[in-house]
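Worksheet: the structure to be examined is printed underneath.
The values are calculated or read from the model by the stated rules, or taken from the named source; none is laboratory data. Source: prediction; values computed, not measured. Here Cβ is always computed from backbone atoms with ideal geometry, including for glycine, and neighbour counts include all displayed protein chains. The area values use the complete protein model at the heavy-atom level, side chains included, leaving out ligands, DNA and RNA. Shrake-Rupley method; radii C 1.70, N 1.55, O 1.52, S 1.80 Å.
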Amino acid sequence: MTPRPARPYVLLSCATSIDGYIDDATEQRLLLSNDDDLDRVDAVRASCDAILVGAGTVRRDDPRLLVRSPRRRDERVARGLPASPVKVTVTARGDLDPAARFFTAGDAQRVVYCASGVLEKTRERVGRLADVVDAGEPVELGHVLADLATRGVGRLMVEGGGTVHAQFLAAGLADELHLVVAPFFVGDCRAPRFVTDGRYPWHPGRRATVAEVRQIGDVVLVRYALSDRCAS
């Protein structure tokens with residue numbers, strides 16, 4: 001019997017402007033992708049067992065994190081899977097709104113990993129809507145991945161935001177990166193960037209491997225292989 005991997009396969013997905021921003025500095029969400037690429041992202045979601053975003057993304061973007069295509073949902077159900085992957089978030093402060101669509105949209109299982117110091121606070125806020133798990137102080141992503149593996153998650157999609165992406169990358173816990181570049185500039189240092197400052201395993205002396213480059217309408221997808229688990 002083949003042993004289960006110690007952690008899920010981790011795929012990071014992000015869209016940026018040409019100058020590396022994932023949003024602008026206004027209150028309105030910046031659209032970086034297009035319909036064809038959003039459909040590609042939906043297909044990637046449907047291929048995964050769980051989707052993870054940071055608590056900041058839950059607060060700011062209020063995502064549903066569901067498979068949109070009825071056909072893809074039906075195909076998952078026909079394979080004995082839930083219509084949409086497990087929803088996962090991580091929080092250091094426990095500031096989550098139980099009315100957020102992360103908790104109210106769809107029937108997917110929901111898991112919240114929180115820092116030890118806010119465990120009771122997080123359980124009081126959203127414990128009736130999600131499994132709330134102590135993930136250490138501060139939150140330890142290795143623990144998060146190990147726990148997801150015990151829940152049968154073999155393939156995890158991480159959709160942001162920038163802080164969460166940076167944490168996975170800096171810890172060397174990413175196997176694949178899908179980076180979509182939109183054909184415009186934001187040009188505002190107040191806006192959030194793809195990742196924050198940090199020490200990353202990939203640098204001028206150790207370059208990431210480009211597994212694929214594809215034009216999708218007016219955006220470009222670059223798929224990077226970040227570990228030997230990623231098939232090029």
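For the chain, the residue among PRO63, ALA105, VAL213 whose Cα projects farthest onto the positive side of the dipole built from Cβ charges is ALA105.
Rounded to the nearest 20, the Cβ-based charge dipole of region 3-50 about its Cα centre (Lys and Arg +1, Asp and Glu -1) stands at 480 debye.
Determine the shape class of region 163-232: with a ≥ b ≥ c the square roots of the Cα gyration tensor eigenvalues, call it rounded for a/c under 1.5, and otherwise prolate if a/b is greater than b/c, oblate otherwise.
Values: a/c = 2.16, a/b = 1.12, b/c = 1.92.
Note, shape of region 163-232 comes out oblate.
Give the label of the value calculated from the structure for Cα extents along the principal axes in Å, choosing from (i) 45, 43, 39; (ii) 53, 39, 36; (iii) 47, 40, 31. Recomputing Cα extents along the principal axes in Å here gives the entry labelled (i).
For ASP197 and VAL77 in the same chain, what is the full-extension length gain: residue separation times 0.36 nm, less their Cα-Cα distance, in nm?
Working: separation 120, 0.36 × 120 = 43.20 nm, distance 4.11 nm.
Contour length minus the Cα-Cα distance gives 39.1 nm.
Between GLU212 and THR26, full extension at 0.36 nm per residue minus the direct alpha carbon distance yields a gain of 63.7 nm. Surface composition of region 1-143: carbon plus sulfur atoms hold 49% of the accessible area, using a 1.4 angstrom probe and ignoring ligands, DNA and RNA. Ranking LEU145, VAL180, ALA170 by how far each Cα lies toward the positive end of the dipole of region 137-187 (charges on Cβ) leaves VAL180 at the top. Taking only the Cα atoms of region 1-79, the ratio Rg/Rh comes out at 1.02, with Rh defined as the Kirkwood radius. Shown in residue order for region 107-122 are the 3J(HN,Hα) couplings computed by the Karplus curve 6.51 cos²θ - 1.76 cosθ + 1.60 at θ = phi - 60°: 10, 5, 5, 10, 10, 10, 9, 10, 5, 4, x, 10, 4, 5, 4, 5 Hz (x for Gly and Pro). Would you work out if region 135-203 is rounded, prolate or oblate? Take a ≥ b ≥ c from the square roots of the eigenvalues of the alpha-carbon gyration tensor; rounded if a/c is under 1.5, else prolate when a/b is larger than b/c, oblate otherwise. Because a/c hits 1.5 or more and a/b exceeds b/c, region 135-203 counts as prolate. Here the extension length gained between ALA99 and ALA43 equals 17.5 nm, from 0.36 nm per residue of separation less the Cα-Cα distance.
How big is the charge dipole of the chain about its Cα centre, in debye rounded to the nearest 20, if each Lys and Arg gets +1 on its Cβ and each Asp and Glu gets -1 on its Cβ?
Working: 32 positive and 32 negative charges, 116 e Å.
For this selection, approximately 560 debye.
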